[in-house]
Amino acid sequence: MSAAGIGALERGIRRAPQRQTVALLAGALGLSDADRGRLEGAAVGPRRQLRRIGQANSNVADRDRHNLPLSLTSFLGRERECVLLQELLTAERLVTLTGVGGVGKTRLALEIARGLTERFDDGVWLVECAPLSDPGILPARVATTLGVGQGYDTASDHAWIDELPQKTLLVVFDNCEHLLPAAAALAQRLLERCPHMHILATSREALRVPGERIYRLNSLELPRPPRGELPSLESLRKSPAIRMFFDRARYAAPDFTIGEGDDARWQSLHAVCTRLDGMPLAIELAAARMNAMNLDTLATALDRRFDLLTAGSRSALPRHQTLRALHDWSYDLLAEDERRVLRRLAVFAGGWTLSAAEWVCSSDDTPASDILAIVASLVDKSLIFADTIPAQTRYGMLETTRAYALERLVEHGELDAVSRAHARYCLQLLQDANSKWGEPSISAWLAPLELELDNFRAALQWSLAGERDAALGAQIAKAQYSVLEFLALFGEAVQWCERALTALGPKPDPRLEAPLHVVLAKFYSRGGYAARGFAAGSRAVELYRRIAAETNRPRDRAALAISLALTGSNLAFLGRGAEAARVATEAVAAARDAGDASGTAYALYVQTLTTDSNDVAARRAILVEALELCRDLADSLVVGIVLLGLGHAAFDAGDFASARDYANSALEQYRRDGLNEDLAIWAHSLSSVAALSAGDMELAYADAKDALLHARRWLDISCAIQVAAHVSAAGGRYDVAARIIGASDEHFPETPLAIIPITRILHDRTLAQLRETAGEAKLAAWLAEGRRWSFEELVSVARSL
């Protein structure tokens with residue numbers, strides 16, 4: 001016998017032993033046939049008398065109405081689902097709760113059952129299937145639970161069911177995934193012969209019995225704020241997952257609390273529950289550790305979650321006592337090909353499509369043609385989930401399941417081979433997308449790639465670590481730059497390119513190195529780091545001169561042209577006008593030679609940055625040509641920049657109304673796709689300074705605040721910040737204006753001109769006014785205070801004016 005079986009008998013948990021226990025005892029004791037019969041009769045125990053339909057039940061004790069255990073902890077987070085399923089179970093005769101292990105199927109089933117004891121005259125009865133290892137024992141377990149006798153010599157006989165057709169009762173088959181064929185056959189037989197019986201089952205997968213209603217149980221809800229934002233305190237307090245953590249943590253640490261204004265700890269708690277996937281069992285195991293660590297320590301320790309989360313109840317099922325045991329149970333129930341595919345799917349960090357699974361998980365032992373059936377089976381077993389809402393079905397797995405599967409992948413020595421296949425898939429996906437860039441629209445082109453962002457990150461992380469495959473990582477870093485550009489993730493793009501250059505070593509292949517410098521030149525410039533952008537652009541020019549001379553291919557000449565244009569723009573931002581003019585002129589010629597309309601339009605725009613600012617007519621003529629070149633292009637950013645250039649020209653001519661019109665036209669380019677947030681910032685900023693110059697302070701500040709709504713660390717919001725400072729000074733708030741300027745100087749140190757030339761003019765005008773009104777000493781103190789502000793504080797103050 002198992003230790004668990006002996007313990008259950010000793011503690012009186014079971015009223016009668018299992019059939020195999022009686023057989024073992026009889027054999028060990030060497031009983032005669034007569035004594036064996038007496039032992040078997042005693043083991044069956046007294047029969048529970050089930051009442052017939054309509055029998056009065058006012059004096060029936062609770063123990064004769066159900067065998068449900070008392071709940072020892074509060075029921076949280078599933079109240080709505082509980083009511084819904086009670087109604088469903090009253091109307092339907094078979095309802096199965098499915099879901100991954102630890103999601104709370106048993107707890108919800110018991111709560112549903114407790115609420116239905118008055119609706120079923122003959123009671124609500126729990127059949128615990130988890131301890132059973134032999135499917136043949138299940139009928140005896142059900143019969144015994146219902147108080148119906150069954151002879152041991154007729155184990156395969158279902159005659160005992162004939163005593164049930166007149167009974168009105170609910171039977172709960174709990175944890176029957178390891179007995180599915182037997183549970184399904186018995187449930188169907190009971191439902192066919194007992195018209196007043198209802199069954200509630202819990203299992204990792206459905207029974208697949210006719211008439212079965214399946215309800216898939218998901219993790220407890222957590223706040224999901226828009227990308228880049230933190231959840232509100234109110235949403236955190238209402239979250240079922242957060243509420244459960246608080247409740248369970250107080251059992252281990254009664255004084256555990258988080259203060260009203262302690263935003264950092266609230267966000268730490270949200271991060272912990274998110275990493276636990278909102279899984280009730282994982283939350284309970286983690287909360288039990290709050291007597292030994294704080295939230296920050298817990299969050300760090302979750303990197304070793306299978307070693308940490310081991311403090312489950314000693315009276316729980318063994319597999320519910322540790323997180324690892326729970327996953328071992330599920331994994332061991334799988335067929336070998338299912339285990340193999342589950343392990344390999346763990347390399348996907350952000351979900352996957354069927355074609356991705358076929359690419360990455362197929363091998364000689366698992367052909368691609370088998371992947372669909374295996375993935376479908378893993379969905380049925382609740383180990384992965386399917387999202388069928390998008391146009392293309394997408395699959396995923398909970399992070400804890402993924403961590404477990406990754407461990408198994410490492411144990412089998414498959415990590416590097418499968419990770420390499422995953423990285424190659426990501427590169428192929430990006431290259432295929434880039435060959436159809438902007439089709440049918442930028443938004444439609446970007447949408448499926450945005451879903452793969454975490455996969456790209458995982459592929460880069462693997463390929464650039466150690467000496468795995470730096471060349472592959474460099475190609476992915478370059479290929480994904482448009483995705484990161486449209487999502488305004490400039491800082492991340494820079495980090496990956498810098499890591500790729502480091503991984504390539506001191507003498508990289510120029511064809512791998514050059515594109516990375518182009519990306520750096522572009523994104524350093526977009527972040528206001530003109531000196532770094534110039535250095536990267538210069539290196540790209542050097543490399544592409546050599547490459548273009550060797551190949552003479554149009555695409556290499558086009559790459560040289562864009563490298564020259566980026567170098568020229570950064571020179572212009574650094575105030576090196578003569579050098580910028582020379583480089584911009586060469587960029588225009590190279591782009592024309594390559595037949596690149598978009599590149600030519602951008603190079604022409606850069607050329608206007610080097611043209612005499614007083615020669616408005618010359619600048620306008622160049623920009624009109626550029627606008628004609630890019631009218632039919634999908635690249636809204638190039639069109640928007642050219643429109644802004646025309647707006648600058650109108651501004652310098654004193655035509656502030658036209659400047660605002662051009663700014664609004666550029667905004668339309670942004671609104672068309674909802675992308676290129678820095679284009680929105682530049683357009684709002686131009687509109688703001690035009691209104692400011694026209695004397696409309698209210699409109700100027702409204703536009704500046706709109707620009708600040710798009711603020712992110714790597715977006716150049718310097719002009720909007722300068723407008724905020726200028727308006728503050730004009731309103732007599734000199735200390736605020738000075739602090740804003742100080743913070744701006746700290747966070748935008750290399751942006752003397754930026755893309756809105758009046759930025760420096762506003763900066764200098766405001767400083768002159770502050771010196772005159774407050775004096776040098778006060779101004780210096782205020783500027784120093786502002787330099788200590790974080791970027792978030794700067795934006796918050798500017799927005800609140």
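Suppose the filter is in contact with a strand residue (DSSP E or B) (Cβ under 6 Å, 6 or more places away or on another chain), part of a strand (DSSP E or B) and open to solvent by less than 80 Å² (accessible area, probe 1.4 Å); does residue 207 pass it?
Spelling it out, it is not the case that residue 207 is in contact with a strand residue (DSSP E or B) (Cβ under 6 Å, 6 or more places away or on another chain), part of a strand (DSSP E or B) and open to solvent by less than 80 Å² (accessible area, probe 1.4 Å).
Here are some residues: 532, 539, 526, 546. Which one is under 20 Å from residue 500 (Cβ atoms), open to solvent by 50 Å² or more (accessible area, probe 1.4 Å) and under 33 Å from the mean Cα position of the chain (by Cα)?
532
I'd like to check something: does the range 381-397 contain any residue that is open to solvent by less than 70 Å² (accessible area, probe 1.4 Å) and part of a helix (DSSP H, G or I)?
no
Output the residues belonging to the range 693-703 that are without any contact (Cβ under 8 Å) to a residue 40 or more places away in the chain and either under 23 Å from residue 229 (Cβ atoms) or in a helix (DSSP H, G or I) (or both).
Result: 697, 698, 699, 700, 702, 703.
So is residue 225 more than 16 Å from residue 102 (Cβ to Cβ) and modelled with pLDDT under 85 or not?
So residue 225 fits the description; yes.
Enumerate the pairs (first residue in the range 496-509 and aromatic (Phe, Trp, Tyr); second residue anywhere and open to solvent by less than 70 Å² (accessible area, probe 1.4 Å) and part of a helix (DSSP H, G or I)) with beta-carbon separation below 6 Å, excluding pairs fewer than 6 apart on the same chain, so at least 6 apart or on different chains.
496/460; 496/477
Condition check: open to solvent by less than 10 Å² (accessible area, probe 1.4 Å), touching a residue at least 24 places away in the same chain (Cβ under 8 Å) and among the aliphatic types (A, V, I, L, M). Does residue 493 satisfy that?
Yes.
Test of understanding: among 95, 172, 124, 100, which residue is touching a residue at least 40 places away in the same chain (Cβ under 8 Å) and more than 36 Å from the chain's Cα centre (by Cα)?
Exactly one residue qualifies, and that residue is 124.
Pick out the one residue from 178, 198 that is more than 31 Å from the chain's Cα centre (by Cα), modelled with pLDDT under 95 and not in a loop (DSSP other than H, G, I, E, B).
178
What number of residues in the range 70-92 are over 22 Å from residue 250 (Cα atoms) and surrounded by fewer than 21 Cβ atoms within 10 Å (Cβ to Cβ)?
Going through the range 70-92 one residue at a time, the tally reaches 11.
Go through (1) at pLDDT 50 or above; (2) loosely packed, with under 11 Cβ neighbours inside 10 Å one by one and return the number of the condition residue 59 breaks.
Of (1) at pLDDT 50 or above; (2) loosely packed, with under 11 Cβ neighbours inside 10 Å, only one is false for residue 59: (1).
Could you tell me which of the residues 109, 113, 140, 185 is open to solvent by 40 Å² or more (accessible area, probe 1.4 Å) and in a helix (DSSP H, G or I)?
Among 109, 113, 140, 185, only 185 is open to solvent by 40 Å² or more (accessible area, probe 1.4 Å) and in a helix (DSSP H, G or I).
Inspect all residues belonging to the range 267-282 and state whether any of them is more than 22 Å from the chain's Cα centre (by Cα), buried (at least 19 other Cβ atoms within 10 Å of the Cβ) and either modelled with pLDDT of 80 or more or assigned to a helix (DSSP H, G or I) (or both).
no
Restricting attention to the range 509-523, which residues are surrounded by fewer than 23 Cβ atoms within 10 Å (Cβ to Cβ) and either in contact with a Phe, Trp or Tyr (Cβ under 6 Å, 6 or more places away or on another chain) or under 19 Å from residue 567 (Cβ atoms) (or both)?
510, 513
Looking only at the range 497-508, decide whether some residue is open to solvent by 20 Å² or more (accessible area, probe 1.4 Å) and under 20 Å from residue 437 (Cβ atoms).
No.
State yes or no: is residue 300 open to solvent by 10 Å² or more (accessible area, probe 1.4 Å), modelled with pLDDT of 75 or more and β-branched (Val, Ile, Thr)?
Yes; evaluated as a whole, the condition is true for this residue.
Over 17 Å from residue 525 (Cα atoms) and open to solvent by 10 Å² or more (accessible area, probe 1.4 Å): which single residue out of 555, 576 fits that description?
The match here is 555.
Among helices (runs of 4 or more DSSP H) lying entirely in the range 592-679, which contain 3 or more residues that are among the charged types (D, E, K, R), at pLDDT 90 or above and open to solvent by 30 Å² or more (accessible area, probe 1.4 Å)?
Answer list for the range 592-679: 616-630.
May I ask you to list pairs of residues, at least six apart or on different chains, whose Cβ atoms are under 8 Å apart, with the first in the range 72-84 being aromatic (Phe, Trp, Tyr) and the second being at pLDDT below 90 and open to solvent by 40 Å² or more (accessible area, probe 1.4 Å)?
Going by the 8 Å Cβ cut-off, the qualifying pairs are 75/107.
With the checklist (1) touching a helix residue (DSSP H, G or I) at 6+ places or on another chain (Cβ under 7 Å); (2) open to solvent by 10 Å² or more (accessible area, probe 1.4 Å); (3) outside any helix (DSSP H, G or I); (4) at pLDDT 85 or above in hand, flag the one item residue 118 doesn't pass.
Going through the list (1) touching a helix residue (DSSP H, G or I) at 6+ places or on another chain (Cβ under 7 Å); (2) open to solvent by 10 Å² or more (accessible area, probe 1.4 Å); (3) outside any helix (DSSP H, G or I); (4) at pLDDT 85 or above, residue 118 breaks only (1).
The values are calculated or read from the model by the stated rules, or taken from the named source; none is laboratory data. Fair warning: this is a prediction, and the values are worked out from it, not measured in the lab. Don't worry about glycine lacking a Cβ; one is built from the backbone with ideal geometry, like all the others, and counts go over all protein chains shown. Side chains included, ligands, DNA and RNA excluded: accessible areas come from the protein's heavy atoms. Shrake-Rupley method; radii C 1.70, N 1.55, O 1.52, S 1.80 Å.
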